[in-house]
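Q: Let me begin by handing over the structure; questions about it come next.
The values are calculated or read from the model by the stated rules, or taken from the named source; none is laboratory data. It should be emphasised that the depicted structure is a prediction, and the values quoted were computed from it without experimental measurement. Note: ideal-geometry Cβ built from the backbone for every residue, glycine included; neighbour counts use all protein chains shown.
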Amino acid sequence: MTYFAEIHRQSGIKQKSGQNWEAIDPEFAARLRVQNRFQSGLDISRYTAKIMREDMEAYDNDPAAYTQSLGCWHGFIGQQKMISIKKHFGTTKGKYLYLSGWMVAALRSEFGPLPDQSMHEKTSVPALIEELYTFLRQADARELGGLFRDLDAAREAGDEEAAARAQQAIDNHQTHVVPIIADIDAGFGNAEATYLLAKKMIEAGACALQIENQVSDEKQCGHQDGKVTVPHEDFLQKIRAIRYAFLELGVPDGIIVARTDSLGAGLTKQIAYTKEPGDLGDQYNAFLDCEEVDIAAIGNGEVLISREGKLLRPKRLPSNLYQFRAGTGEDRCVLDCITALQNGADLLWIETEKPHIGQIGGMVSRIREVIPNAKLVYNNSPSFNWTLNFRQQVYDKWEEEGRDLTDFDRTSLMSQHYDDSELAKEADERIRTFQADAAREAGIFHHLITLPTYHTAALSTDNLAKRYFGEEGMLGYVKQVQREEIRQGIACVKHQNMAGSDIGDDHKEAFAGEAALKAGGKDNTMNQFAA
């Protein structure tokens, strides 16, 4: 519906209400509606799910059409990302937000900073989704408010051409609301707990939920040791629970991202249930580290399984966990992925120990032998030392080619000493093109960085503290922050406007008319930034 069509609709509502609504301005009511096009989190979930489905189809047709996101831990951070994206690229297409469970645990828990072990309050995740969308909707209202002021100024000046441009900009406004891929960890309990939490996250606006195949009460960060996986049927119960949550809430396009941590997980908490040789439980158990035993040599309290007429003792640790055979990680990942896609998942996430296209692509090729359109979400993790990893990849390639490497020490390639070398330059080029190359060669539909703002906040704060509390004093802030905000056109330099002061003035004028006490007058110091 166009802006003027909405004015006409609001005028009809006023007319039906008679003289009691004489003071109500249909155009201002229309502005409020246009500024708040999403009436609920479910509206957002349905809208963004459709976007993701279209983007997935576009990627299937052209791997160059991959998508990206950055992790965020506060609504303001997510808002500023989307404002920046619109400023620099003119569109939010293909750009999402990622909600990291790691950052929720580290920065949002009432317990204080926690490791990524699902110890934080489960309700903090849907609360952050709602907060993110509150800030994104406010960004819409702020931007549209500026367009409405442009329209009013053009009308006042009698400039019909400028008024038409403003109206067109209003009608063609692109929302800051984009898909959020939200981390539900391992489900925070059993399948019922997963279902209940999934509903909360969807109602808050999430269209894509990422769940991993670790044991919920033993969950670890995907890039740390001690990970424990569950048999496939346990994981599939949770995938089904999420799908039912989407269907119950009327979001049939909702997306499930099935994550496997099997590559780095050497343990399982339980032996899978199996009915017959070759079924899914039997395939899971086949990866267990077992030794054949004589029935006469069975010790007290031992757990045994039978396979192909043999009695086997799985390696059982004092923690009561069972160990997988070394070297089976990739095979387990492939089976995890195929099984998840065959049972309702839409996208895959393979957590790896390094960003290596050959390793990822090798597994995806095996998966695609069974499911040709399989595609991944990939964590471009800050847990990887990208500089060292890619310099070592180039080093290994050069070594295979027989090139002279006497000037390089493979174990010390992180050193600044190598920054200007050809090896470092080739490594940086590989990093620059990693996402496009991996989208084309390894089936990665969506690239994300889980914790970027955690690190940028730490780095920028360190730099500011060093300068401000050092010899630079106030110049440390002015030169490195405010002057750059002004020159780069960062909207937050007018922080009152960003916090909604001008939106509030619009409301005051509509509510109180000439009696409105507005903040944006001539004495507002934000006017210093008008130029």
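Table: residues versus (1) more than 15 Å from the chain's Cα centre (by Cα); (2) buried (at least 18 other Cβ atoms within 10 Å of the Cβ); (3) part of a loop (DSSP other than H, G, I, E, B); (4) touching a residue at least 12 places away in the same chain (Cβ under 8 Å).
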position: 116; (1), (2), (3), (4): yes, yes, yes, yes
position: 120; (1), (2), (3), (4): yes, yes, yes, yes
position: 126; (1), (2), (3), (4): no, yes, no, yes
position: 133; (1), (2), (3), (4): no, yes, no, yes
position: 138; (1), (2), (3), (4): yes, yes, no, yes
position: 147; (1), (2), (3), (4): yes, yes, no, yes
position: 150; (1), (2), (3), (4): yes, no, no, yes
position: 155; (1), (2), (3), (4): yes, no, no, no
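Q: Need a quick list: helices (runs of 4 or more DSSP H) entirely within the stretch 276-380 having at least 2 residues that are in contact (Cβ under 8 Å) with a residue 60 or more places away in the chain and surrounded by 15 or more Cβ atoms within 10 Å (Cβ to Cβ).
A: 329-342, 357-368
Q: Working only within the stretch 366-411, note down all residues that are β-branched (Val, Ile, Thr), outside the structural domain of residue 341 (by TED's automatic domain parsing) and closer than 23 Å to residue 447 by Cβ.
A: If the condition is that a residue be β-branched (Val, Ile, Thr), outside the structural domain of residue 341 (by TED's automatic domain parsing) and closer than 23 Å to residue 447 by Cβ, then 387, 394 are the ones that fit.
Q: Those residues that are part of a helix (DSSP H, G or I) and not hydrophobic (A, V, I, L, M, F, W, C), I need them from the stretch 381-401; list them, please.
A: Result: 387, 389, 391, 392, 393, 395, 396, 397, 399, 400.
Q: Please work out which one of (1) without any contact (Cβ under 8 Å) to a residue 60 or more places away in the chain; (2) hydrophobic (A, V, I, L, M, F, W, C); (3) closer than 30 Å to residue 236 by Cα is the condition residue 201 fails and give its number.
A: (1) is the only condition that residue 201 fails.
Q: Separate question: Go through the residues of the stretch 23-45 one by one and say whether even a single one is modelled with pLDDT of 95 or more, among the small types (Gly, Ala, Ser) and under 30 Å from residue 368 (Cβ atoms).
A: Within the stretch 23-45 (the criterion being modelled with pLDDT of 95 or more, among the small types (Gly, Ala, Ser) and under 30 Å from residue 368 (Cβ atoms)), the answer is yes, since at least one residue qualifies.
Q: Count, please, the residues in the stretch 81-110 that happen to be part of a helix (DSSP H, G or I), in contact (Cβ under 8 Å) with a residue 24 or more places away in the chain and over 21 Å from residue 455 (Cα atoms).
A: Residues meeting the conditions: 2.
Q: I want to confirm something. Restricting to the stretch 1-25 and keeping residues that are over 24 Å from residue 171 (Cβ atoms) and in a loop (DSSP other than H, G, I, E, B), which single residue is farthest from the chain's Cα centre (by Cα)?
A: Once the filter is applied, the top-ranked residue is 22.
Q: Within the stretch 258-269, is there a residue that is farther than 23 Å from residue 195 by Cα and part of a loop (DSSP other than H, G, I, E, B)?
A: Yes; the residues of the stretch 258-269 include at least one that is farther than 23 Å from residue 195 by Cα and part of a loop (DSSP other than H, G, I, E, B).
Q: Considering each residue of the stretch 448-474, count those that are part of a loop (DSSP other than H, G, I, E, B) and touching a residue at least 24 places away in the same chain (Cβ under 8 Å), and give that number.
A: 2
Every residue, every condition in (1) modelled with pLDDT under 95; (2) under 21 Å from residue 381 (Cα atoms); (3) surrounded by fewer than 12 Cβ atoms within 10 Å (Cβ to Cβ); (4) in the same structural domain as residue 182 (by TED's automatic domain parsing), yes or no:
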residue	(1), (2), (3), (4)
413	no, yes, no, no
423	no, no, no, no
428	no, yes, no, no
440	no, yes, no, no
453	yes, yes, no, no
469	no, no, yes, no
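Q: Which of the residues that make up the stretch 82-98 are in contact with a strand residue (DSSP E or B) (Cβ under 6 Å, 6 or more places away or on another chain) and surrounded by 20 or more Cβ atoms within 10 Å (Cβ to Cβ)?
A: 96, 97, 98
Q: Give the stretch 70-80 a look and list any residue that's assigned to a helix (DSSP H, G or I) and surrounded by fewer than 22 Cβ atoms within 10 Å (Cβ to Cβ), or say none.
A: 75, 76, 77, 80 - these are the residues of the stretch 70-80 that are assigned to a helix (DSSP H, G or I) and surrounded by fewer than 22 Cβ atoms within 10 Å (Cβ to Cβ).
Q: Go through (1) in contact with a helix residue (DSSP H, G or I) (Cβ under 8 Å, 6 or more places away or on another chain); (2) surrounded by fewer than 19 Cβ atoms within 10 Å (Cβ to Cβ); (3) among the hydrophobic types (A, V, I, L, M, F, W, C) one by one and return the number of the condition residue 111 breaks.
A: That leaves (1) as the condition not met.
Q: Taking the stretch 503-531 as the region of interest, how many residues are loosely packed, with under 12 Cβ neighbours inside 10 Å and of a type in the set (Asp, Glu)?
A: Selection size over the stretch 503-531: 2.
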